[in-house]
1. Roughly how many Å² is the accessible area per residue of the chain, as a whole number, for a 1.4 Å probe?
2. Output the 0 to 90 degree angle, nearest 10, between the alpha-carbon long axis of helix 2-13 and the longest principal axis computed from the alpha carbons of the chain.
3. Taking the Kirkwood radius as the inverse of the mean 1/r across Cα pairs, report the Rg/Rh of segment 45-86.
4. Please arrange 90, 43 by accessible surface area, largest first, computed with a 1.4 Å probe and ligands excluded.
5. Top to bottom by accessible area (1.4 Å), largest first, where do 75, 6 land?
6. Using the scaling law 2.2 N^0.38 Å as the reference, what is the normalised Cα Rg of segment 16-57?
7. Within the chain, list the GluC sites (Glu not before Pro) lying in a DSSP loop whose Cβ has at most 11 other Cβ atoms in a 10 Å radius.
8. Enter the angle in degrees (range 0 to 90, nearest 10) between the Cα long axis of helix 68-89 and the first principal axis of the Cα atoms of the chain, meaning the one along which they spread out most.
Amino acid sequence: LMSLLYGAALTDVSEMRNKDMEFFDVDALSADSLEFLQAAPVKSEIVLQWLQRAIHDASECGVVKVAPPILSRVYNQLGNGIVMLNNAQK
């Protein structure tokens with residue numbers, strides 16, 4: 001999802017005509033998810049939500065064992081990144 005988030009952010013701010021990019025492991029996403037993402041006007045925000053959900057789910061089921069203050073910092077940094085992206089679009 002990180003590669004997809006990075007690519008989505010680039011396409012959101014890019015003025016390139018050809019916005020075709022290659023991403024890691026998009027086969028893990030359902031066809032419905034990819035179709036929804038393709039139609040979304042702001043792709044980076046959709047992917048950010050997916051990433052935050054994946055982090056939450058991994059934390060809840062114990063796949064990723066991280067202290068709450070560190071996990072909070074992860075969400076904070078992701079939020080700061082999307083704010084910077086929104087500022088870049090202005």
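The values are calculated or read from the model by the stated rules, or taken from the named source; none is laboratory data. Please read all numbers here as calculations on a predicted model, not as lab measurements. When we count neighbours, we look across all protein chains shown, and the Cβ atoms used for this are built from the backbone with ideal geometry, even at glycine. We work out accessible area using only protein heavy atoms, side chains counted, and drop any ligands, DNA or RNA first. Shrake-Rupley method; radii C 1.70, N 1.55, O 1.52, S 1.80 Å.
1. Numbers: 6710 Å² over 90 residues.
Here the residues of the chain average 75 Å² of exposed surface.
2. Once rounded, one gets 40 degrees.
3. With Rg and the Kirkwood Rh in hand, the quotient comes to 1.01.
4. 90, 43
5. Working: 75 70, 6 155 Å².
Ranked list, largest accessible area first: 6, 75.
6. Against the empirical 2.2 N^0.38 Å value, I get 1.24 for segment 16-57.
7. Answer by residue number: 15, 22.
8. In the chain, helix 68-89 runs at an angle near 10 degrees to the longest axis.
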